[in-house]
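One structure is given below, encoded as structure tokens.
The values are calculated or read from the model by the stated rules, or taken from the named source; none is laboratory data. A quick note: this is a predicted structure, and the numbers were derived from the prediction, not measured. Glycine also receives a Cβ, built like all others from the backbone with ideal geometry; neighbour counts cover every protein chain displayed. Surface areas here come from the heavy atoms of the whole protein model, side chains and all, with no ligands, DNA or RNA. Shrake-Rupley method; radii C 1.70, N 1.55, O 1.52, S 1.80 Å.
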Amino acid sequence: MRYSRFFWLAYCLAGSLQASDAVVTAPSPAQVIQTLVKSNGDEPESLDPARVRSGFSEEAILTDLFEGLVNENGAGEVVPANALRWERSNDGLVWRFFLRPNLRWSNNTPLKASDYVYAWRRLIDPATASPASSLVMAAGINNASSIYAGALDVKELGVEAESDHILRVTLEHPVPYFLRLVSQRPFVPLYEPSVSDDPTWMNAGNLVSNGAYQLTHWVAHQRIELGRNPNYWDNAHTRIDQVVYLPKLSAAAEREGYDAGDIQMTNRIQPDYYQTIKQSEPERVWGLPLLGTAVFSFNLQQREVADVRVRQALSMAIDREVLTQTVTRLGEPIAWSLLPALPGYQPYQPGESALPRSERLARAAELLKAVGVGPDHPLHLVITYNTSGNHKRLAEAIALMWQPLGIETELRNLSWGDYQSAKSAGDFTVARSFVFGDYAEPSAVLNQFRCGDPQNESGYCDPQFDRLLTDAANTLDESLRNQFYQQAEQLMMSAQPVIPLFHYSQMRLISPQLRGLPTQNVRGVIASKDLYFAQQQ
């Protein structure tokens, strides 16, 4: 049960108690203005769920506008949403979802299982060119890969409406984390009559949604306003009446708006301000770890870093605590592995992570000496990064840490587009980079290092690693599956195709009166319907 629903239950029950017994901890919506103004980073590229990319600005807005079969709540648990319940066949290949009765779209027309069929077919259709099509294939839905390759018609996708209220999904192979995958925004239904090639179907007044909110106003690059959707199945438990998104604000402008009381939730915090306010007014800061890791990525085809001992030495020589305490300064957990801790999963930790820095440096020097590198025989490396003051400072700090080992570094600053092109073309030796997971499961990150994966920029390839991931994907037992993941992560990190530096976290300034925020959700998604403002003390 979500925290916000607990308070609403207390509020509703209070009317049936004697006056002397009625203790209501949350205020009535009439007592507090329930309007949430959020800074949202960039202007959304689109409000088409098929265009959403995990972690980008449109995801937050679409979380409020649309809802799928299941959700992840603030504790990171999969909970019913449009689907009241579901069942899975013993072999894990067939899922049947039973929709809630009387689901309706924002225009008050009935929502049916066929609306999911239409949306999912559109998602995998090559003509749509959805950046989330890979999620449909990762979900193992029957014929998804063949359809995307153009070998089959979209009607062959393994999804069908058994009735208006029952959705049947057939998989090609068991996918133990299937529910987490379909909790993502791309898997929401669509109201087919409103969707067209004309982008105005996403305008206020035209966009038909099924979430807790509907689009009421959109002025490009200025503000996006959402109002309550009275036809939402759980509208009675929604507390926030209006959500306003402000795009393209600088960190300084966010803070100015926050200090003036015009913004109740920022998109980020300036490190200097974070260091101050976390001590003086910690109730104004909210943050959680994310399923993402900052890394330095090696191009294994470059001779300078082709020897694994060089890569291991470079990793050992980095003082991660210094990086997070003096460069990034937002309380990020240091990282020796790609994955942060997840429910049921403890990531691999190399033995050197427990050693004092002096001993790590000594071991690094020995590894480099074995390949002929040292102060008298330096190794020249180029660090590529995209334009950002923080990225430059990070590269400079790491270059200084490597210097005593005989590593000479050159910094190469590129625009975002040129940086992306350079990594895609393999035009780098060492690059500042990152890995993020689209769903809260180890495979979301580890799969990016399979042989030939489009996101595998390092060129790492180990068939044994791939087999372990395949074994995990075919294992319904969670404990055994996590063992496969741990073996795979250990195998990959022993080859050191990347250097994990720190795990990302989201840090925001919030109104001290804002309640219902997530407590354990590594995807960083905040549903406004779960929030409310308490009365100011």
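Within region 498-525, the residues that satisfy the criterion of being assigned to a loop (DSSP other than H, G, I, E, B) and surrounded by fewer than 23 Cβ atoms within 10 Å (Cβ to Cβ) are Ser511, Pro512, Gln513, Leu517, Thr519, Gln520, Asn521, Gly524, Val525.
For region 395-430, residues that are among the hydroxyl-bearing types (Ser, Thr, Tyr) and at pLDDT 95 or above total 2. Scanning region 338-355 for residues that are surrounded by fewer than 14 Cβ atoms within 10 Å (Cβ to Cβ) and more than 24 Å from the chain's Cα centre (by Cα) yields Gly351, Ala354.
Of the residues contained in region 454-476, none is found to be within 14 Å of Leu339 (Cβ to Cβ), open to solvent by 30 Å² or more (accessible area, probe 1.4 Å) and of a type in the set (A, V, I, L, M, F, W, C). Taking the criterion of being in contact with a helix residue (DSSP H, G or I) (Cβ under 8 Å, 6 or more places away or on another chain) and either closer than 26 Å to Gln506 by Cβ or surrounded by 16 or more Cβ atoms within 10 Å (Cβ to Cβ) (or both), the residues of region 436-452 that qualify are Phe436, Gly437, Asp438, Tyr439, Ala440, Glu441, Pro442, Ser443, Leu446, Asn447, Phe449, Arg450. Only a single item in (1) open to solvent by 20 Å² or more (accessible area, probe 1.4 Å); (2) under 30 Å from Ala422 (Cα atoms) is not met by Val285, and it is number (2).
Within region 79-108, the set of residues being open to solvent by less than 20 Å² (accessible area, probe 1.4 Å), aliphatic (A, V, I, L, M) and under 30 Å from Trp286 (Cα atoms) comprises just one member, Ala81.
Of the residues making up region 368-424, those that are closer than 15 Å to Phe434 by Cα, open to solvent by less than 50 Å² (accessible area, probe 1.4 Å) and in contact with a Pro (Cβ under 9 Å, 6 or more places away or on another chain) number 0. Report whether or not Gln301 is over 30 Å from Phe533 (Cβ atoms), among the polar types (S, T, N, Q) and open to solvent by 60 Å² or more (accessible area, probe 1.4 Å). Yes. With a cut-off of at least 1 residues that are acidic (Asp, Glu) and within 26 Å of Thr328 (Cα to Cα), name the helices (runs of 4 or more DSSP H) lying wholly within region 369-484. Helices (runs of 4 or more DSSP H) meeting the threshold: 389-402, 416-425. Filtered by the rule that a residue be within 30 Å of Thr238 (Cβ to Cβ), of a type outside the set (A, V, I, L, M) and touching a Ser or Thr at 6+ places or on another chain (Cβ under 6 Å), region 477-528 gives Arg508, Gly516.
If the requirement is being under 23 Å from Gln312 (Cα atoms), in contact (Cβ under 8 Å) with a residue 12 or more places away in the chain and out of contact with any His (no Cβ under 9 Å at 6 or more places or on another chain), which of these qualifies: Asp466, Asp471, Asp438? Outline the logic, then answer.
Working: Asp471 fails: under 23 Å from Gln312 (Cα atoms); Asp438 fails: under 23 Å from Gln312 (Cα atoms).
Asp466 is the lone residue from the list that is under 23 Å from Gln312 (Cα atoms), in contact (Cβ under 8 Å) with a residue 12 or more places away in the chain and out of contact with any His (no Cβ under 9 Å at 6 or more places or on another chain).
For region 38-78, which residues satisfy the criterion of being free of Cβ contacts under 8 Å to residues at least 60 places away in the same chain and either open to solvent by less than 30 Å² (accessible area, probe 1.4 Å) or over 27 Å from Pro343 (Cβ atoms) (or both)?
Glu45, Glu58, listed by residue number.
Here is a yes/no grid of residues against (1) in a loop (DSSP other than H, G, I, E, B); (2) surrounded by fewer than 16 Cβ atoms within 10 Å (Cβ to Cβ):
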{"site": "Gln312", "(1), (2)": "no, no"}
{"site": "Val322", "(1), (2)": "no, yes"}
{"site": "Gln325", "(1), (2)": "no, yes"}
{"site": "Trp336", "(1), (2)": "yes, no"}
